[in-house]
Amino acid sequence: MPRYLVRASYSIQGVADLMKNPEDRASAVRPVIEGMGGRLESFDFVLGEDDVVFIAEFPDNVSAAAFSMAASATGAISSFKTSALLSAEEAMEAMKRAGRAGYRPPG
């Protein structure tokens with residue numbers, strides 16, 4: 001199943017709500033991801049540009065996009081970035097295909 005790296009930042013209101021009522025957000029997102037046929041692999045709060053980073057499996061890009069839209073539409077998140085992850089094997093296959101692609105730069 002395809003894996004995705006998700007980086008999110010809470011809105012000012014989202015942070016205020018968590019300060020008022022601290023909760024384990026992994027427990028909140030896990031059933032939503034599972035309901036879309038996916039699996040939450042890891043979930044961490046981070047210091048820096050993002051507030052949360054997690055890795056999840058989704059059956060396809062549409063499911064990953066649907067989760068992103070559902071989470072973003074709440075207003076509790078100010079930034080939500082999803083990146084598809086490739087295994088080492090997939091990356092090597094991409095390298096091989098790129099080598100055979102025949103692309104040439106302009107000029």
Region 28-65, residues that are of a type in the set (Asp, Glu), surrounded by fewer than 16 Cβ atoms within 10 Å (Cβ to Cβ) and touching a residue at least 12 places away in the same chain (Cβ under 8 Å): 41, 49, 60
Sole residue being in contact with a Phe, Trp or Tyr (Cβ under 8 Å, 6 or more places away or on another chain), more than 26 Å from residue 87 (Cβ to Cβ) and either surrounded by 17 or more Cβ atoms within 10 Å (Cβ to Cβ) or not β-branched (Val, Ile, Thr) (or both), chosen from 72, 68: 72
Residues of region 88-107 that turn out to be among the aromatic types (Phe, Trp, Tyr) and within 15 Å of residue 2 (Cβ to Cβ), as a count: 0
Selection from region 9-22 of residues that are free of Cβ contacts under 8 Å to residues at least 12 places away in the same chain and in contact with a helix residue (DSSP H, G or I) (Cβ under 9 Å, 6 or more places away or on another chain): 18
Subset of region 68-86 (residues that are free of Cβ contacts under 8 Å to residues at least 60 places away in the same chain and either touching a Gly at 6+ places or on another chain (Cβ under 7 Å) or within 14 Å of residue 5 (Cα to Cα) (or both)): 86
Any hit, region 79-86, residues being surrounded by 13 or more Cβ atoms within 10 Å (Cβ to Cβ), of a type in the set (Gly, Ala, Ser) and closer than 21 Å to residue 35 by Cβ: no
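None of the figures in this text is laboratory data; all of them are computed from the coordinates on show. What you see is a predicted model, and the numbers here were worked out from it, not measured in a lab. Here Cβ is always computed from backbone atoms with ideal geometry, including for glycine, and neighbour counts include all displayed protein chains.
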